[in-house]
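Data block below; observations after.
The values are calculated or read from the model by the stated rules, or taken from the named source; none is laboratory data. Bear in mind that the values here come from a model prediction, so they are computed numbers and not experimental data. Because the Cβ atoms are built from the backbone with ideal geometry, glycine has one as well, and the counts that use them run over all protein chains shown.
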Amino acid sequence: MSNKSVQQYSDAEVIRQVLTGNTALFEIIIRRYNPYLYKVGRSYGFNHQDTEDLMQETFINSYVNLKQFAERSSFKTWLITIMLHQCYRKTHKFNYSKEQTADLLPENSSFMFLPTNHSNTDDAVLNKEFNKVVEACLQQLPQEYRTTFALRELAGLSVAETAEAMNTTPANVKVRLNRAKAMLRKAIEKTYSTEDIYEFNLIYCDRIVDGVMKHIATLKP
């Protein structure tokens, strides 16, 4: 599915079509929100594979419960809230043990962090350095600060959307974000901008789409 096709439908239009039986259009939802969910999962400290699994579970969960979506909030906020619940349950139900920073990122993890304005010959060294700085600094933050930072600065949610997703107040979101930025500023903002963090490369998007759509095909109408 082309990027143009993904952009031409609003969330509301896709949801109406899916609920009337055009399930193929759910692919648009997956491609549109893959990057947001990826950043949420990584902010919780899950590695790449576990984050992909959580993303797939979230999309399937949202599809199964699509009729329950109330348009009191945006679909993006509703979907991210499901992802947050998935992350919370995995963390607490299975007593998830976060990997050490040195083991969290594979050697060929340039897909995840994409530094700009550097030559190809510098990429390997820069990616390795950048990965270590970002992972080490973010994982040191308390979870509520880390998630707030991920939703606001990396996923681009508004203060109101972040507050709704995290079941807190807009004032708390602002306080947490300011504190998170203060903690990270010295380590990260010397060289890198926030948009470089936790990028979900499109080559992985196809795998999520394929897994979710195959599962949906097995569900009874």
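Below, the figures for the structure above:
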read-out: Odd one out for Lys67 among (1) of a type outside the set (S, T, N, Q); (2) more than 27 Å from Arg152 (Cβ to Cβ); (3) crowded, with 16+ Cβ neighbours inside 10 Å; value: (3)
read-out: Boolean, Thr148 is in a helix (DSSP H, G or I), closer than 30 Å to Thr20 by Cβ, under 18 Å from the mean Cα position of the chain (by Cα) and modelled with pLDDT of 75 or more; value: no
read-out: Members of region 73-94 that are over 15 Å from Asp50 (Cβ atoms) and among the polar types (S, T, N, Q); value: Ser73, Ser74, Thr77, Thr81
read-out: Residue in region 164-178 that is surrounded by fewer than 18 Cβ atoms within 10 Å (Cβ to Cβ), aliphatic (A, V, I, L, M), modelled with pLDDT of 65 or more and farther than 30 Å from Thr23 by Cβ present; value: yes
read-out: Hits in region 38-56 (condition: more than 16 Å from His215 (Cβ to Cβ) and surrounded by 21 or more Cβ atoms within 10 Å (Cβ to Cβ)); value: Tyr38, Lys39, Val40, Gly41, Arg42, Ser43, Tyr44, Gly45, Phe46, Thr51
